[in-house]
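Reading through the structure tokens given below for one structure.
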């Protein structure tokens, strides 16, 4: 049977793999070539967790464990192979891979923050940061408007998932199930927002402005 | 009466509030929506201090103190409300909010760097970095040419304010007054540069180049 | 005679100087002015090493040693002077300065990572990160497509140089010579790739796409 800590390791690896795929897909979309593709995959995959560990003043997770790099290389390689035989890929694939990575990293960030003494409020912020940061720098490097800042409940999904996690912890629900609840909540809010264009209006409607950036 | 450390806490909170406002204003300008607005406000508000603490190898200031997040949420909320009733806002407001944030964070960075053993020269650099970094990533994420790299004495204001701080410390001026001197110097240089278009010519004048980026 | 650690200090300073020059050249190209030029030079020069030290959870190299800032100021000043008397500079100069910085920082990153207990595989990644990161943020800030993501063996040069370093270490070659081998390998692969347009095809050739970004 899986222990908690094995779970966490696998979730972390799964998040890394999924974000490495999303980085590789973006590199392909941007007509990059050579090892730059792997650099973008790696930045996307380990950016969020690296920031989380630096902020929590912990040793960065991948320094003592090369398995994360093997996973990145493998994920990039498989994605590259797949792309050789499928000359097009729909943008939707990138977004779905991104949603899974977001959910995995959100939960890992939450869990690690709470474990190292953050208050629930800070832990929710740190979970969202872990989930959001890798994709944010991927988009910034590629000069896209970051997904996280578009309208479709991106950071919001992390925050709702985080609230579910904190709530379940307070209700003394079994920790593996708590993990699963937070994971699914984040994922479903994000996928639902993509599918049905949910959004959270913050500003009053603008008049259409032809000069908008 | 205020003690020094209470002062510092309030200055840090004020800097966070002011940069959160500038992040929210920029988000509105870029027609963002949902929690992405809060993400941009938070990145702008805590980016500089987070970098400072990571470089000084200290626990990051907001991990053990959720009040910074409350301030960010409050500042973003008030700004959003204000924007509902004032459909336009002049760019100048954003620049003035930014100037206050710059001055607050410059002083906090200086003070913390000196406290943890940096030499005066390094402390000035670290103060400027604290002041400049949040706005830099705000602008990079929003694909604007960063304010810090434009002509109007942005980083220079920090460096002059920092030099005033170090000088006042050497002259054994009361530490609260030293703080105030550095704060006002930074602020006035920056506001003066905006008002009267002061600049520091570094390169010889270019001929006008129609292909300039 | 030079000891190893003196070597390292000089290589670090040389890398900082060379990247400061490349940052100043880029600032000139982008028509920046004032202290923003020095900010860009500094970000380029110390960005990679700062990230390396934060990831290895070490005190950041320049906090206790102001000499790095003197070198940045000097390098920026000399470059600015030179530019006053040579109104044009070929892009090639920027690329060559960048190649030297890449090689210096790659070797420093490798060396420091191995010294603090990273496995060879992680050390190669961390060396590449040190070499690549300063230039990456320089390009992101200036809204250029980062050099590291273009086709000409940029990250790849670091990885080949890193592999040479690890190999030479395993063969018990004298540590100063190992250093030199890694330095020259990285430099020559990068310069060769620039000169003869070497590249590493990762994706199958795209049809020309008029909408490519």
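The values are calculated or read from the model by the stated rules, or taken from the named source; none is laboratory data. These numbers were taken from a predicted model, which means no experiment stands behind them. Here Cβ is always computed from backbone atoms with ideal geometry, including for glycine, and neighbour counts include all displayed protein chains.
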Which members of segment C:14-52 meet the condition of being facing another protein chain (nearest Cβ under 7 Å), within 30 Å of residue A:63 (Cα to Cα) and in contact (Cβ under 8 Å) with a residue 12 or more places away in the chain? C:40, C:50
In segment C:58-72, residue nearest to the other protein chains (Cβ to nearest Cβ) [restricted to those that are farther than 14 Å from residue B:123 by Cα and over 18 Å from the mean Cα position of the chain (by Cα)]: C:59
Answer residue from segment A:145-175, given it is more than 9 Å from chain B (Cβ to nearest Cβ) and outside any helix (DSSP H, G or I) and is surrounded by the most Cβ atoms within 10 Å (Cβ to Cβ) among those: A:173
When only residues in segment A:111-131 that are at the interface with chain B (Cβ under 7 Å from one of its Cβ atoms) and closer than 17 Å to residue B:38 by Cα count, which is nearest to the chain's Cα centre (by Cα)? A:125
Given (1) in contact with a helix residue (DSSP H, G or I) (Cβ under 7 Å, 6 or more places away or on another chain); (2) under 30 Å from residue C:168 (Cα atoms); (3) at the interface with chain A (Cβ under 10 Å from one of its Cβ atoms), residue C:108 misses just (3)
Testing residue B:5 on (1) more than 9 Å from chain A (Cβ to nearest Cβ); (2) at pLDDT 85 or above; (3) assigned to a helix (DSSP H, G or I), one condition comes back false. Which one is that? (2)
Which is more than 27 Å from residue B:177 (Cα to Cα) and modelled with pLDDT of 90 or more, of B:42, B:27, B:113? B:42
So which of B:14, B:20 is modelled with pLDDT under 90 and under 15 Å from the mean Cα position of the chain (by Cα)? B:14
Tell me which of these residue C:113 doesn't satisfy, since it passes every other one: (1) under 27 Å from residue C:24 (Cα atoms); (2) buried (at least 24 other Cβ atoms within 10 Å of the Cβ). (1)
Does segment B:134-141 include one or more residues that are within 22 Å of residue B:42 (Cα to Cα), at pLDDT below 85, at the interface with chain C (Cβ under 9 Å from one of its Cβ atoms) and touching a helix residue (DSSP H, G or I) at 6+ places or on another chain (Cβ under 9 Å)? no
Against the definition (within 14 Å of chain B (Cβ to nearest Cβ) and under 26 Å from residue A:64 (Cα atoms)), how does residue C:55 come out, yes or no? yes
